[in-house]
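Below you'll find the structure, written out as structure tokens, and then a few comments.
The values are calculated or read from the model by the stated rules, or taken from the named source; none is laboratory data. Since this is a predicted model, take the numbers as computed values, not measurements. We place every Cβ from the backbone using ideal geometry, glycine too, and count neighbours over all the protein chains shown. Side chains are part of the model used for accessible areas, which takes the heavy atoms of the whole protein and leaves out ligands, DNA and RNA. Shrake-Rupley method; radii C 1.70, N 1.55, O 1.52, S 1.80 Å.
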Amino acid sequence: MCSSDLMNKILPTEIKNIYKGHPIALWGFVVFLALMTWRSIIHLLYQEYGFHQIASFIVITGDPDPMPMIYLFFSLWGLAQLIFCLVCWVVIIRYRELISLMYILFIFEWAIRLILYPLTDLALANNELYNNGSTPGSDAALIIVIILISLFLFSIKEYKAVKDSP
């Protein structure tokens, strides 16, 4: 596949809402996006539950209480995630040629968790001073990246359904 063909699969010059990739990539994206939408809603509306019960972060005490500020930023993060998910749902409904591009954006987001976070002070998800258990967004990042890359590869491979001969 030449580089211009690959570029046209990721950023098509004309969008007709015709998905040519493998159906596994399309349905995998729908399932993944449903999970990401659910995650976003939890972060946006149920910050305390998502922060403590799911992400396993401890309650930090202080004067003044730092938790309202932490919950605010957690909620804003959920809002940003939800906006991106809504764009992805529009892609699924109306602009399916852009599914490969959406995969690249999600791969980038999840790969940053693997590459950048361990190198910075952002590695709080694995720091027992702040965390008392498993954090799915950190612990499952490698598996998610592998799945996303696999589905991306299926999305750029043109799929030709086998037709029954008359």
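Could you tell me whether Ile70 is more than 15 Å from Gly137 (Cα to Cα) and surrounded by fewer than 16 Cβ atoms within 10 Å (Cβ to Cβ)? Against the criterion (more than 15 Å from Gly137 (Cα to Cα) and surrounded by fewer than 16 Cβ atoms within 10 Å (Cβ to Cβ)), Ile70 does not qualify.
Does segment 57-66 include one or more residues that are touching a Pro at 6+ places or on another chain (Cβ under 9 Å) and part of a loop (DSSP other than H, G, I, E, B)? The answer is yes, given that some residue of segment 57-66 is touching a Pro at 6+ places or on another chain (Cβ under 9 Å) and part of a loop (DSSP other than H, G, I, E, B). Residues in segment 48-60 that are out of contact with any helix residue (DSSP H, G or I) (no Cβ under 8 Å at 6 or more places or on another chain) and open to solvent by 20 Å² or more (accessible area, probe 1.4 Å): 2 in all. Annotation for segment 110-126: at least one member residue is under 15 Å from the mean Cα position of the chain (by Cα) and either open to solvent by 60 Å² or more (accessible area, probe 1.4 Å) or at pLDDT 95 or above (or both).
One residue stands out among those in segment 38-47 that are over 18 Å from the mean Cα position of the chain (by Cα) and not polar (S, T, N, Q): the one that is surrounded by the most Cβ atoms within 10 Å (Cβ to Cβ), which is Tyr46. In segment 88-103, of all residues being open to solvent by 60 Å² or more (accessible area, probe 1.4 Å), touching a residue at least 12 places away in the same chain (Cβ under 8 Å) and part of a helix (DSSP H, G or I), the one that is nearest to Ile42 (Cα to Cα) corresponds to Trp89. Tell me the residue from Leu26, Leu79, Leu35 that is modelled with pLDDT of 85 or more and either buried (at least 17 other Cβ atoms within 10 Å of the Cβ) or among the small types (Gly, Ala, Ser) (or both), please. The conditions single out Leu26. For the condition in contact with a Leu (Cβ under 6 Å, 6 or more places away or on another chain) and over 30 Å from Leu6 (Cα atoms), Leu72 does not qualify.
Of everything listed in (1) surrounded by 13 or more Cβ atoms within 10 Å (Cβ to Cβ); (2) more than 16 Å from Ile149 (Cβ to Cβ), the single unmet condition for Ile10 is (2).
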